[in-house]
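Asker: A single structure is presented below for examination.
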Amino acid sequence: MALTQRLELRQGQSLVMTPQLQQAIKLLQMSNLELQAFVESELERNPLLERDERGEADPERVVREETQPADVASALASDAGAADKLESLDTDLANVYPDEARADAAARPEAGQADSNWSLLRSSRGVAIDGEGLDFDASLTRGTTLVEHLTEQLPLALADPADRLIGQQLIGTVNEAGYLTSDLHSIATILGTDVAHVERVLHVLQGFDPPGVFARDLAECLALQLKDRDRYDPAMAALLANLDLIRKRDFPALKAACGVDLEDIKEMVAEIRRLNPKPGFAFGADPVQSVVPDIFVRAAPDGTWLVELNSETLPRVLVNNQYMARVSKHAAREEDRVYLSECQANAAWLVKSLDQRAKTILKVAREIVRQQDAFLVLGIQHLRPLNLKTVADAISMHESTVSRVTSNKYMATPRGIFELKYFFTTAIASAEGGDAHSAEAVRHRVKELIESESADNVLSDDQIVDCLRKEGIEIARRTVAKYRESLNIPSSVQRRRENRAYR
């Protein structure tokens, strides 16, 4: 059989992820800070995009052009692929948000308005250009870092240049908690000296402020602080050598190891607990970034819940079609026309995808509030078990879309600010065959049972299981132990031992 070449025309279907579709998917899971950074980069890259600096408006209002200016349309008509790019834009976004329809034409501005040349996606960064509503975080200054604080003390404590060089090397190996992260042998090898020389310099540096810095482990950190307070003695040294017994609350063993009575052990343990295990955290910490909620939930007069988007987390973007029309008149080269059409398509995509993102977040948030109404009214014990599929089915979306929407998003409720993923918890079966219980609610109930126990009646994990089963919660003992450990609550043996020691 002879081999020949021939041309064949075949038709088939395949799923193609365009760059715009991929970017629209990424927009869903971006936090408000990541979204602001992305929009800023788009503003720098795309000359047709501008930041809206006009007055305040409804954060959910989206104003669009009904038609493009005649000169813009004529300029784009010369580009054969421009229309296809704009049509594929709607198709790509429909694939990401399959249940979102196009904006109603009635919401578009009138043709005769002065702003008819602008497409607006309304959202605000919360900091006005004119000085009103200034962000307090923007006025915070940077504090002195731990490295800077230690470096300032170095010339006061060491005069020899070689010692200062070793000291600077040691400062460079201190982590943000104040602990030494490199062994002395490595430092001695790097600097070409002996370990004894490094140890002498380290001994001087361990007297720096704050007390406890340059320690190699927790016991040494606590010992340095006790020495600074002149409270380090052989009994304290023995106590620091048995920190695991403190964790286990084994006071009889501590009494034997330290050679003191029970009252002294209590005082020594109390003094250790007053020390700072991470002294370096007092310096160089960046200003705490407060969580900015993406959604606000507040009670309505009729007993329902009002769910609103936070305008501060939505960037405000404008598409300058007027500038496009003016520039396109002078675009003589084909490359220029193609570039302008791409900028036009990308700008329109950004406006529309941000609009769809906001609508999708709002839709998911409203369904979460509907599902967790009992939690908002009655508290954490009434948090319902909820999964992504339940929400996705209720709002006709895919689970992956709901998962992306709930990532890095926060909701402000009357009971506090919660990440959206907080409301999705596993179900624990009911002992009587009724409604399942939320794992978070059961965890809270375990904490309540332990906090309410008396010193003479410390509840074991098995007893907690019995109490929960009487309340209709079917749970295994190992699950109770896992919840207890996640709450940093010691075992019943350790709690009983501590109660006996402090009587």
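Asker: So how many residues does segment 283-305 have that are more than 20 Å from Lys421 (Cα to Cα) and either modelled with pLDDT of 85 or more or more than 17 Å from the chain's Cα centre (by Cα) (or both)?
Answerer: 9
Asker: Could I ask something else about it? Of the conditions (1) modelled with pLDDT of 90 or more; (2) more than 21 Å from Glu34 (Cβ to Cβ); (3) among the hydroxyl-bearing types (Ser, Thr, Tyr), Thr360 satisfies every one except a single condition; which number is it?
Answerer: In the conditions (1) modelled with pLDDT of 90 or more; (2) more than 21 Å from Glu34 (Cβ to Cβ); (3) among the hydroxyl-bearing types (Ser, Thr, Tyr), Thr360 misses (2) alone.
Asker: Let me ask something else about it. Of all residues in segment 298-334 being of a type in the set (S, T, N, Q) and in a loop (DSSP other than H, G, I, E, B), which is farthest from Asn32 (Cα to Cα)?
Answerer: Thr304
Asker: Here's something else I'd like to know. Could you list, in sequence order, all residues of segment 291-305 that are touching a strand residue (DSSP E or B) at 6+ places or on another chain (Cβ under 8 Å) and free of Cβ contacts under 8 Å to residues at least 12 places away in the same chain?
Answerer: If the condition is that a residue be touching a strand residue (DSSP E or B) at 6+ places or on another chain (Cβ under 8 Å) and free of Cβ contacts under 8 Å to residues at least 12 places away in the same chain, then Ala300 is the only one that fits.
Asker: While we're looking at this one, here's another question. Looking at segment 177-208, which of the residues that are out of contact with any helix residue (DSSP H, G or I) (no Cβ under 7 Å at 6 or more places or on another chain) and of a type in the set (D, E, K, R) is farthest from Arg164 (Cα to Cα)?
Answerer: Per the stated criteria, the residue is Asp183.
Asker: Related question: In segment 381-401, how many are of a type outside the set (Gly, Ala, Ser) and either part of a loop (DSSP other than H, G, I, E, B) or on the phi > 0 side of the Ramachandran plot (or both)?
Answerer: 8
Asker: Right, another one. Checking the condition exposed (fewer than 14 other Cβ atoms within 10 Å of the Cβ), at pLDDT 90 or above, out of contact with any Asp or Glu (no Cβ under 9 Å at 6 or more places or on another chain) and not basic (Lys, Arg), which residue from Ala159, Ala196 passes?
Answerer: None of the other options fit; the residue is Ala196.
Asker: Here is a further query. Within segment 251-260, does at least one residue satisfy the condition of being surrounded by 18 or more Cβ atoms within 10 Å (Cβ to Cβ), assigned by TED's automatic domain parsing to the domain that holds Leu150 and modelled with pLDDT under 85?
Answerer: Yes, the conditions are met somewhere in segment 251-260.
For every residue, the table says whether it meets (1) touching a Ser or Thr at 6+ places or on another chain (Cβ under 8 Å); (2) closer than 25 Å to Glu312 by Cβ; (3) aromatic (Phe, Trp, Tyr).
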{"position": "Pro385", "(1), (2), (3)": "yes, no, no"}
{"position": "Ser400", "(1), (2), (3)": "no, no, no"}
{"position": "Ala412", "(1), (2), (3)": "no, yes, no"}
{"position": "Ser430", "(1), (2), (3)": "no, no, no"}
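Asker: Sticking with this one: Taking Val213 as the residue in question, decide whether it is outside any helix (DSSP H, G or I), in contact with a helix residue (DSSP H, G or I) (Cβ under 7 Å, 6 or more places away or on another chain) and not acidic (Asp, Glu).
Answerer: Judged against the criteria, Val213 is a match.
Asker: A further question follows. Based on what the data block shows, is Thr390 under 20 Å from Asp294 (Cβ atoms), of a type in the set (S, T, N, Q) and in the same structural domain as Ala299 (by TED's automatic domain parsing)?
Answerer: So Thr390 fails the test.
Asker: Same structure, new question: Being touching a residue at least 40 places away in the same chain (Cβ under 8 Å), closer than 30 Å to Pro47 by Cα and surrounded by 21 or more Cβ atoms within 10 Å (Cβ to Cβ) is true for just one of Leu309, Leu340, Leu383. Which residue is that?
Answerer: Only one candidate passes the filter, namely Leu340.
Asker: Tally the residues that are farther than 15 Å from Ile417 by Cα, touching a residue at least 40 places away in the same chain (Cβ under 8 Å) and either part of a loop (DSSP other than H, G, I, E, B) or among the hydrophobic types (A, V, I, L, M, F, W, C) (or both), restricting the search to segment 347-380.
Answerer: Counting residues in segment 347-380 that are farther than 15 Å from Ile417 by Cα, touching a residue at least 40 places away in the same chain (Cβ under 8 Å) and either part of a loop (DSSP other than H, G, I, E, B) or among the hydrophobic types (A, V, I, L, M, F, W, C) (or both) gives 10.
Asker: Another question, if that's okay. Check segment 225-235 and report whether any residue there is without any contact (Cβ under 8 Å) to a residue 60 or more places away in the chain, of a type outside the set (D, E, K, R) and closer than 18 Å to Leu146 by Cβ.
Answerer: Yes - at least one qualifying residue is present in segment 225-235.
The values are calculated or read from the model by the stated rules, or taken from the named source; none is laboratory data. The shown structure was predicted, so the numbers you read here are calculated from the model rather than taken from an experiment. Every residue, glycine as well, gets a Cβ built from its backbone with ideal geometry; the counts of neighbours run over all protein chains shown.
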